[in-house]
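S.K.: Here's a structure for you.
The values are calculated or read from the model by the stated rules, or taken from the named source; none is laboratory data. These numbers come from a predicted model, not from an experiment. Reconstructed Cβ throughout: ideal geometry from the backbone, glycine too, with neighbour counts over all protein chains shown. For the accessible areas, the whole protein counts, side chains as well, though only heavy atoms, and no ligand, DNA or RNA atoms are used. Shrake-Rupley method; radii C 1.70, N 1.55, O 1.52, S 1.80 Å.
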Protein chains: 2
Amino acid sequence: MSDVSLGLVGVGKIVRDQHLPALAATPGYRLLASADPHASLPEVPAYADMASMLDAHPELDAVAICTPTHLRHAQARLALQRGKQVLLEKPPGATLSEVEDLIDVASEQGVTLFAAWHSRFAPGVARAREWLAERRIERVEIVWKEDVRVWHPGQAWIWQPGGMGVFDPGINALSIATAILPQAFFLRQARLLVPSNCQTPIAAELSFADPDGATIEADFDFRQSGPPTWDIHVETDAGRLSLTQGGCRLSLDGQLSLEAEEREYAGLYARFAELVASGRREVDVAPLRHVADAFLYGQRDVTDAFIE
Amino acid sequence: MSDVSLGLVGVGKIVRDQHLPALAATPGYRLLASADPHASLPEVPAYADMASMLDAHPELDAVAICTPTHLRHAQARLALQRGKQVLLEKPPGATLSEVEDLIDVASEQGVTLFAAWHSRFAPGVARAREWLAERRIERVEIVWKEDVRVWHPGQAWIWQPGGMGVFDPGINALSIATAILPQAFFLRQARLLVPSNCQTPIAAELSFADPDGATIEADFDFRQSGPPTWDIHVETDAGRLSLTQGGCRLSLDGQLSLEAEEREYAGLYARFAELVASGRREVDVAPLRHVADAFLYGQRDVTDAFIE
C-alpha cells in the first residue's frame, strides 16, 4: 500500500515530544503540512488553520488532530466531511456528544476515525489482556499518581472547566483498564477532591464493580512527590497480574513477564495506518464515558488551594 | 396481540401519581405484581424484591423499573437476563456506562429495552418535530424553571451526588429538545450554580451549538416562585415555534396550533406495548449524555445554601 499523506493539526508539546519521533520511526507516512496559528515545524509547509492546509494540499489523505480539546470537534468534523481519515489525540472530544457526532459523520463518509488512546500501546497491555481473558477477575487496584508540577508545568488549562484535572492522566489508566479487563465495569462511588481555587479535581477515589461483583478501585492523585506511580494490579481466580510503570513492566504471579521501553506513539501510528488501509474505524468512548460518569456521579469535596 | 403481563419494580410517588393511572387507561396490560421492600399496592401481589417477584410469577412478560436511580442497573440487568421486556423510568441509569451495558445485554437477549423519556409524550412534541423537520433552525431558547419546594418537597436525594439537582427536571427539557430538533447539538459553555451545602446545581445556564451554527440556550432554575415555566422557543428560517407548558401548548408563527391535557404516561405505556409487540428496543442516551457533558465541561460556582 502507498504511504499515508498526513497533515498535523496543532503543533504543540505533544506533537514535538511524541508525534514527530513516532512518525520518523514508523514506515508508511509522509508528513506534508501542518496547521497552527502560532507554531510551525522546520521544513514542513505551515498554515494558520486546518481549512487553509486542506485547500492547499488536496493530496492529503489524513490529519492528526492534536489541538486543545475544545477545538477538536469542529476540526475533526470538517476534515471528515472533506473525506479525510482522522486520528484524534486523547481525549477524543471535550464532551461525549461531540464524539458520538464524529462517529456518525465518519460512518456516513465511510472514512477512518481513530480515537487514539496512547496508553493502550504500552508494551505490556496486549499480553495483559490475553492473560486476563482466560481468568475470572476478583479485585483490581489502579494507582495513578504523579507530581502535577513535574508532569504538567504551567498547564493552567488543566484546572479550568473541561481540563479534567487529575483525570487528564487518570484517563490513561482508564484506557488501559477498559482494554485489559474482560468485562465492562460500572461506577459505584466516587470522591473528587477539588482545590478551592480550581474547577477540576487534584485527586480522585473511584470504586467500580463488574457484573460478576469484582471490585475495581482507582486512586488518582496529582500530589505525588518523587517518581510517579502508574500501576494496575489484578487479582484473579488463577493468579495475580501487575502492570506497572505505565504499562512498561508486566509481572504474572510474581514473575517478570515483560519489561520494555515505552514506544506508545509508534504503535499508535502503526495502528492508524492499518485502520486507514482497511477502511475501518476505532472509536472507544469508554474511557471518556467513565470520566464523565465520575463528574456526574461523584461527591466533590473542597481541598487546599493549588499554587504552582 | 395478547396483553402484556407487567410487574412494577419500585412503588413510590411516581408510580402512584403516573404509572397506575396510565396503566388503568391504556389497553394491553395486566398488572400482576409489584416489588418494593417498603410499599405495596391494594389487590396487587407484593414482593420485597424483584428476584422474588420474578420467581413467583414466571408468567411475567415485562417489568417497569421505577426504583431510585442507583438501583436500576442491577435490577434491569437481572430482568433482561431472565428474558423480561424492560421499561426504565427516566433517567435510564445513574451513569452512562450502566446504560450502555443494558443496551448490550438487551441486544444479546433479544428483548425490548425502553428508556422512557416521559416528556417526549407531551401533546405538542410530535407535531413540533414534524414542523421543525422541514426548517432551518436559527436560535433555540429553553426555559425550564420551577419551585423546588413545590415540585420536589423533601426530596433530599436530589442534592446528593447523582441526584442531578436542577437537571432532574432539566433533563425533561433536554429529552424534548433532542426529540424535536432535526440535528444533534453540542455543549459550548455551561455554568452550574451549586448551593454551598449541596452537591448538585440549583440552577444552570447552558449554551449549545448545532453543526450549522444555530445557538441553543438553556436556562434551568429551581428558584422560581409562582407557577413553573416549561417553555421551548425555536426561531427558524420560516417562522417561530413555541412549545410551552411542558409541551401541552404549541404555537406556530404566533397562532395556537394545539393545546391539550397532559397524558404523557399513557403515551409512554402505549409506546412500550408497541415496542414489545414488535420486539424492538428504544434507548436514546442523548438527554443523559447532555447532563453528563454539563457536569464534565461546566463551570461550577457556589451560591447561597439551600434550606428547604
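S.K.: Restrict the check to region B:28-37 and report whether at least one residue is in contact (Cβ under 8 Å) with a residue 60 or more places away in the chain and over 21 Å from the mean Cα position of the chain (by Cα).
M.R.: Residues of region B:28-37 in contact (Cβ under 8 Å) with a residue 60 or more places away in the chain: B:28-29.
Now restrict to residues that are over 21 Å from the mean Cα position of the chain (by Cα): B:28-29.
The answer is yes, given that some residue of region B:28-37 is in contact (Cβ under 8 Å) with a residue 60 or more places away in the chain and over 21 Å from the mean Cα position of the chain (by Cα).
S.K.: Of everything in region B:253-276, what is open to solvent by 20 Å² or more (accessible area, probe 1.4 Å) and more than 20 Å from B:Leu174 (Cα to Cα)? Give them in sequence order.
M.R.: B:Asp253, B:Gly254, B:Gln255, B:Leu256, B:Ser257, B:Leu258, B:Glu259, B:Ala260, B:Glu261, B:Ala270, B:Glu274, B:Val276
S.K.: Here is a follow-up. Among the strands (runs of 3 or more DSSP E) lying completely within region B:175-249, list those that include at least 2 residues that are more than 14 Å from chain A (Cβ to nearest Cβ) and either within 21 Å of A:Leu96 (Cα to Cα) or among the aliphatic types (A, V, I, L, M) (or both). If you could, list the steps in order and put the result at the bottom.
M.R.: Values: elements: B:186-195, B:203-209, B:215-221, B:229-236, B:239-244.
Fully inside region B:175-249 and qualifying: B:215-221, B:229-236, B:239-244.
S.K.: If B:Asp168 satisfies every condition in (1) open to solvent by less than 50 Å² (accessible area, probe 1.4 Å); (2) in contact (Cβ under 8 Å) with a residue 60 or more places away in the chain; (3) not in a strand (DSSP E or B) but one, which is the exception?
M.R.: The number of the failed condition is (2).
S.K.: Within region A:220-233, can one find any residue that is assigned by TED's automatic domain parsing to the domain that holds A:Gly298, closer than 24 Å to B:Gln160 by Cβ and in contact (Cβ under 8 Å) with a residue 60 or more places away in the chain? Working first, answer last.
M.R.: Within region A:220-233, the first condition is being assigned by TED's automatic domain parsing to the domain that holds A:Gly298, and the residues that meet it are A:220-233.
If we keep only those that are closer than 24 Å to B:Gln160 by Cβ as well, we get A:220.
Then keep just the ones that are in contact (Cβ under 8 Å) with a residue 60 or more places away in the chain; that gives A:220.
Yes, region A:220-233 contains at least one residue that is assigned by TED's automatic domain parsing to the domain that holds A:Gly298, closer than 24 Å to B:Gln160 by Cβ and in contact (Cβ under 8 Å) with a residue 60 or more places away in the chain.
S.K.: Now, a different point. Kindly check whether there is at least one residue in region A:280-287 that is under 25 Å from A:Pro153 (Cα atoms) and crowded, with 18+ Cβ neighbours inside 10 Å. Before you say what the answer is, go through the steps one by one.
M.R.: Step one: of region A:280-287, the residues under 25 Å from A:Pro153 (Cα atoms) are A:287.
Still in the running and crowded, with 18+ Cβ neighbours inside 10 Å: A:287.
So far as region A:280-287 goes, yes, one or more of its residues are under 25 Å from A:Pro153 (Cα atoms) and crowded, with 18+ Cβ neighbours inside 10 Å.
S.K.: For the subset of region A:274-294 comprising residues that are over 13 Å from the mean Cα position of the chain (by Cα) and basic (Lys, Arg), which member is nearest to the other protein chains (Cβ to nearest Cβ)?
M.R.: A:Arg281
S.K.: Right, something else. Which ones in region B:250-262 are outside any strand (DSSP E or B) and farther than 17 Å from B:Val140 by Cβ? It would help to see each step written out before you state the result.
M.R.: Initially, region B:250-262 is screened for residues outside any strand (DSSP E or B), giving B:253-254, B:260-262.
Those that are outside any strand (DSSP E or B) and farther than 17 Å from B:Val140 by Cβ: B:Gly254, B:Ala260, B:Glu261, B:Glu262.
S.K.: Which residue is farthest from B:Trp230 (Cα to Cα), if the candidates are limited to region B:106-129 and must be surrounded by fewer than 17 Cβ atoms within 10 Å (Cβ to Cβ) and either among the hydroxyl-bearing types (Ser, Thr, Tyr) or touching a helix residue (DSSP H, G or I) at 6+ places or on another chain (Cβ under 7 Å) (or both)?
M.R.: B:Ser107
Quick grid of which residues meet (1) farther than 14 Å from B:Leu87 by Cα; (2) away from chain A (no Cβ under 14 Å):
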residue: B:Ala260; (1), (2): yes, yes
residue: B:Phe272; (1), (2): no, yes
residue: B:Leu296; (1), (2): yes, no
residue: B:Gln299; (1), (2): yes, no
residue: B:Thr303; (1), (2): yes, yes
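S.K.: Are any residues in region A:140-165 assigned to a loop (DSSP other than H, G, I, E, B) and in contact with a His (Cβ under 7 Å, 6 or more places away or on another chain), and if so, which ones? Write out each step before concluding.
M.R.: To start, the set of residues in region A:140-165 that are assigned to a loop (DSSP other than H, G, I, E, B) comprises A:146, A:152-155, A:160-165.
The one that is assigned to a loop (DSSP other than H, G, I, E, B) and in contact with a His (Cβ under 7 Å, 6 or more places away or on another chain): A:Gly162.
S.K.: Ok, one more. Give the number of residues within region B:186-214 that are of a type in the set (Ser, Thr, Tyr) and within 23 Å of the chain's Cα centre (by Cα).
M.R.: Residues of region B:186-214 that are of a type in the set (Ser, Thr, Tyr), as a first pass: B:196, B:200, B:207.
This time we only want the ones that are within 23 Å of the chain's Cα centre (by Cα), so: B:200, B:207.
Going through region B:186-214 one residue at a time, the tally reaches 2.
S.K.: Out of B:Thr95, B:Thr112, which single residue is closer than 15 Å to B:Val285 by Cβ, not assigned by TED's automatic domain parsing to the domain that holds B:Gly247 and not hydrophobic (A, V, I, L, M, F, W, C)? Break it down stepwise before answering.
M.R.: Numbers: B:Thr112 fails: closer than 15 Å to B:Val285 by Cβ.
Going through B:Thr95, B:Thr112 in turn, just one is closer than 15 Å to B:Val285 by Cβ, not assigned by TED's automatic domain parsing to the domain that holds B:Gly247 and not hydrophobic (A, V, I, L, M, F, W, C): B:Thr95.
S.K.: Would you check which residues across region A:56-107 are polar (S, T, N, Q) and facing chain B (nearest Cβ under 9 Å) and list them? Break it down stepwise before answering.
M.R.: Residues of region A:56-107 polar (S, T, N, Q): A:67, A:69, A:75, A:81, A:85, A:95, A:97, A:107.
Those that are polar (S, T, N, Q) and facing chain B (nearest Cβ under 9 Å): A:Thr95, A:Ser97.
S.K.: Among the candidates A:Gly239, A:Gly163, A:Gly170, A:Gly154, which residue alone is modelled with pLDDT under 95 and in the same structural domain as A:Ser251 (by TED's automatic domain parsing)? Outline the logic, then answer.
M.R.: Numbers: A:Gly239 fails: modelled with pLDDT under 95; A:Gly163 fails: modelled with pLDDT under 95; A:Gly170 fails: modelled with pLDDT under 95.
On inspection, the qualifying residue turns out to be A:Gly154.
S.K.: When you check B:Leu102 against the structure, is it over 16 Å from the mean Cα position of the chain (by Cα) and not hydroxyl-bearing (Ser, Thr, Tyr), yes or no? Outline the logic, then answer.
M.R.: On the way: over 16 Å from the mean Cα position of the chain (by Cα): yes; not hydroxyl-bearing (Ser, Thr, Tyr): yes.
Considered against the rule, which asks whether it is over 16 Å from the mean Cα position of the chain (by Cα) and not hydroxyl-bearing (Ser, Thr, Tyr), B:Leu102 comes out as yes.
S.K.: Can you go through B:Thr69, B:Thr95, B:Thr26 and tell me which one is open to solvent by less than 10 Å² (accessible area, probe 1.4 Å) and among the hydroxyl-bearing types (Ser, Thr, Tyr)? Full working, then the answer.
M.R.: On the way: B:Thr69 fails: open to solvent by less than 10 Å² (accessible area, probe 1.4 Å); B:Thr26 fails: open to solvent by less than 10 Å² (accessible area, probe 1.4 Å).
The unique qualifying residue is B:Thr95.
S.K.: It is to be established whether one or more residues within region A:78-90 are open to solvent by less than 50 Å² (accessible area, probe 1.4 Å) and within 23 Å of A:Phe208 (Cβ to Cβ).
M.R.: Of all residues in region A:78-90, those open to solvent by less than 50 Å² (accessible area, probe 1.4 Å) come to A:79-80, A:83-90.
Next cut, within 23 Å of A:Phe208 (Cβ to Cβ) only: A:90.
So far as region A:78-90 goes, yes, one or more of its residues are open to solvent by less than 50 Å² (accessible area, probe 1.4 Å) and within 23 Å of A:Phe208 (Cβ to Cβ).
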